[in-house]
Amino acid sequence: MADQSLSEQAREAVLKAIIKAAPNVGNSPAGVRDLAEAYALLERDLLPVAGVVKNKT
């Protein structure tokens with residue numbers, strides 16, 4: 001039970017961080033994509049894909 005509570009607290013903290021960062025991202029496509037990816041990972045319990053290379057241009 002304590003693990004579930006801790007997990008829920010961590011999820012809530014990450015969600016708050018995403019919401020707090022959103023205004024700073026503005027209309028940046030890369031920033032919006034990063035926030036969307038973070039939210040998707042949070043909701044689906046997915047692991048990030050380390051092999052994907054992001055475009056740096």
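Listing for the model above:
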quantity	calculated
Within the range 6-46, tally of residues that are open to solvent by 50 Å² or more (accessible area, probe 1.4 Å) and of a type in the set (Val, Ile, Thr)	3
Residue check, Lys16 modelled with pLDDT of 80 or more and among the basic types (Lys, Arg)	yes
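The values are calculated or read from the model by the stated rules, or taken from the named source; none is laboratory data. Since we're looking at a predicted model, the values are computed, not measured. Heads up: the accessible areas ignore ligands, DNA and RNA and are worked out on the full protein's heavy atoms, side chains in. Shrake-Rupley method; radii C 1.70, N 1.55, O 1.52, S 1.80 Å.
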